[in-house]
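Step one of this worksheet: look at the structure below.
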Amino acid sequence: MKYAAVTNYIHGRNIPARNGTMDVFSPLNGDLISKVPLSSAQEVDEAVRTGQEAYIGWSETPIKERVQVFYRYRDLLERYADDLAALVSEENGKTADEAMAEVLKSIELTEFACALPQLTSGEIQEVSRGVECRSEHRPLGVVASISPFNFPNMVPNWTIPNAIALGNAMILKPSELVPLSAMRLAELLQEAGLPAGVFNVVHGGRAAVEAICDHPGIMAISFVGSTKVAKLVYARAAGNFKRVLALGGAKNHLIVLPDAHLEMTASNVAASMTGCAGQRCMAASVMVAVGDVDHIIDRLGAEARKIVPGENLGAVISQQAKERIEGYITEAQAQGATILVDGRGATVAGKENGYYVGPTVIDHVTLDMKIAREEVFGPVLSIIRASTVDEAIEIENGSGYGNAAAVFTQSGGLARYVAERVSAGMIGVNIGVPVPREPFSFGGWNQSRFGAGDITGKSSIEFWTQLKKTTTKWNPAARSNWMS
Ligand code: NAD
């Protein structure tokens, strides 16, 4: 094993597994690289208790002091970016460039948190003669963040800097498939001067998540993962009267019109479907080809063939994921779809035990096929043919998900027409991966998001805080002209 067994991280201390462990493999080559604790309700309870103690001092620290930790954390992310990216690539399987992009995004997220004192200054007004009312954002207490495998560094940083800078104590439950990056983040927060107990990491799977949903000491939970688990977490945690924001899976449609710019569209769609091996909740999954766009599809095929596993295409997370993805392709083929580019059976010399799927483009997919409806989460693009723009919009609207949608055209009017009618939270015009950069917030619609608001940006301020309204009269002689 290249790395020592992962531990939980509670009150700044490393606590070895008590309830058994699970093996952690690198998708790049299938090597066993570590073991991860499978924690129980007991470890969650310990993390909550230490969080509650630490919360007292931390929430009383002025926000301008709290963000000093995140100025230092940001610099540490930058200083160790190469190492952090290498770790992401090793445990997740993505390419070095993709891993570095993830770390750079974490830096940007942290910079937003450093600006929180400027964004949360509250309001004050004289509401009656001699009577003032002020409102201020107050933290919630101990909160939890549950993250998926596909962005081991960035998704935890969607929540850590904002929730903690706003005065909360946090428990992170990372994906058990990628536990190593989370531990590096804990080390960097400690090095940045965050007091012990304000940030804790509890590893594990379903049992740990259920304990988080049930613990009365946890005030809010953010979840990022599949729709199936997002629904379970949302229902369970809300049933326990917690504030919950649960982001789920995706099935993103890119609508390509005949006047779309040939090279830009083909290269953008190819990059969107294959980036991070298609394991992005913002990845292109369906291209809705409107009218005669065969010239764009031919070019897309050529672009996809330039993407080579082990070179500019990373691995998928597990052998099980590889088999699931290949199963979708085989089933679509059996149902009559045309495989234009076939990524099944990919191997990489010297990394024969890695989990690779090559880029795959499937034409003439129809709505009755499973691949048209379900999230594949691999470097696979289904092309569905449509005769009109309205038919394309109807296809997009028919997907239960709603994370991202995009339109490719050179007509401003048509772009606007489509952007207004697609049912998704993040829209791209000639952009295949329309991730909003800070300060714009990240979040989908429909079955891609349960709860209110978005997970990053200004929206997250409302999620991680509650408003306290104080009405004051100091001068008994003031002739207030309202009931107060
Ligand atoms: P997942 O749902 O399998 O796991 C997410 C988290 O839930 C992990 O921490 C895992 O340990 C836990 N978990 C798994 N099964 C559970 C269960 N039965 N009960 C309680 N907890 C459970 O997701 P994943 O495979 O790690 O990540 C990929 C998914 O995440 C994709 O569907 C992708 O679209 C989605 N995702 C969505 C967004 C978004 O912003 N909407 C971002 C990233 C990933």
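May I ask you to verify whether Val233 is within 13 Å of the ligand (Cβ to nearest atom) and in the same structural domain as Gln52 (by TED's automatic domain parsing)?
Yes; evaluated as a whole, the condition is true for this residue.
Among residues that are buried (at least 24 other Cβ atoms within 10 Å of the Cβ) and more than 16 Å from the ligand (Cβ to nearest atom), Gly193 is not included.
Restricting the stretch 368-382 to residues that are out of contact with any strand residue (DSSP E or B) (no Cβ under 7 Å at 6 or more places or on another chain) and away from the ligand (no atom under 16 Å from the Cβ) leaves a set whose member that is nearest to Ser272 (Cα to Cα) is Met369. State whether the residues of the stretch 340-362 include one that is within 16 Å of the ligand (Cβ to nearest atom), outside the structural domain of Val24 (by TED's automatic domain parsing) and open to solvent by 30 Å² or more (accessible area, probe 1.4 Å). No: the stretch 340-362 contains no residue that is within 16 Å of the ligand (Cβ to nearest atom), outside the structural domain of Val24 (by TED's automatic domain parsing) and open to solvent by 30 Å² or more (accessible area, probe 1.4 Å). Note on the stretch 36-51: among residues that are buried (at least 21 other Cβ atoms within 10 Å of the Cβ) and among the small types (Gly, Ala, Ser), the one that is nearest to Gly205 (Cα to Cα) is Ser39.
Given the stretch 20-136, what helices (runs of 4 or more DSSP H) lie entirely inside it while holding 1 or more residues that are within 27 Å of Thr465 (Cα to Cα)? First the steps, then the outcome.
On the way: elements: 41-60, 63-79, 81-92, 96-114, 116-119.
Hits in the stretch 20-136: 41-60, 63-79, 96-114, 116-119.
Just one residue in the set Thr409, Thr388 is of a type outside the set (A, V, I, L, M, F, W, C), more than 30 Å from Met170 (Cα to Cα) and buried (at least 16 other Cβ atoms within 10 Å of the Cβ); that residue is Thr409. Out of Leu254, Leu300, one residue alone is open to solvent by less than 10 Å² (accessible area, probe 1.4 Å) and touching a Phe, Trp or Tyr at 6+ places or on another chain (Cβ under 7 Å). It is Leu254. The test for being within 16 Å of the ligand (Cβ to nearest atom), in the same structural domain as Val244 (by TED's automatic domain parsing), buried (at least 21 other Cβ atoms within 10 Å of the Cβ) and not in a strand (DSSP E or B) holds for Asn162.
The values are calculated or read from the model by the stated rules, or taken from the named source; none is laboratory data. Please read these numbers as outputs of a predicted model, since none were measured by experiment. FYI the Cβ positions are ideal-geometry reconstructions off the backbone, even for glycines, and counts take in every protein chain you see. Ligands, DNA and RNA are stripped out before the accessible areas are found, and what is left, the full protein with its side chains, is counted by its heavy atoms. Shrake-Rupley method; radii C 1.70, N 1.55, O 1.52, S 1.80 Å.
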